[in-house]
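Here, each number is a calculation from the coordinates, and none is a lab measurement. Every value quoted in this text rests on a predicted model; they were computed, and no experiment measured them. No Cβ is skipped: glycine too gets one built from the backbone with ideal geometry, and neighbour counts run over all protein chains shown.
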Amino acid sequence: MREPFERLLGDTSELRVLQYLLPLRGRDFNITQIALGADISRQAAIPVVKKFLKWGLLKVACKRGNASYYALNEDAGSVEALQILNNCIMDQMLGKKALTCIARYSSEHAPACGIKPAVRGRLRI
């Protein structure tokens, strides 16, 4: 299934990066990981990350060796607004009943080793 933003707004590198990062709040990624997760080239990810840093959507979480690691800037109101928009689109696409079933299934089948499942919108997957 096409992702929520893609179905509504089209398919761009920026939207793919947003769709990848929004459910992974609190985690940090290097450029290569962002590119792989968003299914874009590393060369396409670099200007997107620079743009998102400039806009305040991303922040440099840390540096490890020569690599910078980036995370969503959860202090930015725009990140919260994008999350709300993503949730609204998912509600419209799937319906509340389907979302409730998915959330219930995810919580019942969460890993037993103490690792929390990733959060996608309001759902745990």
Worksheet item: Could you say whether any residue in the range 76-96 is of a type in the set (D, E, K, R), under 24 Å from Thr32 (Cα atoms) and either touching a Cys at 6+ places or on another chain (Cβ under 6 Å) or surrounded by 11 or more Cβ atoms within 10 Å (Cβ to Cβ) (or both)?
Response: no
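One line per residue, one yes/no per condition, for (1) surrounded by 15 or more Cβ atoms within 10 Å (Cβ to Cβ); (2) in contact (Cβ under 8 Å) with a residue 40 or more places away in the chain; (3) on the phi < 0 side of the Ramachandran plot:
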| site | (1), (2), (3) |
| --- | --- |
| Phe29 | yes, yes, yes |
| Asp39 | no, no, no |
| Gln43 | no, no, yes |
| Gly65 | no, no, no |
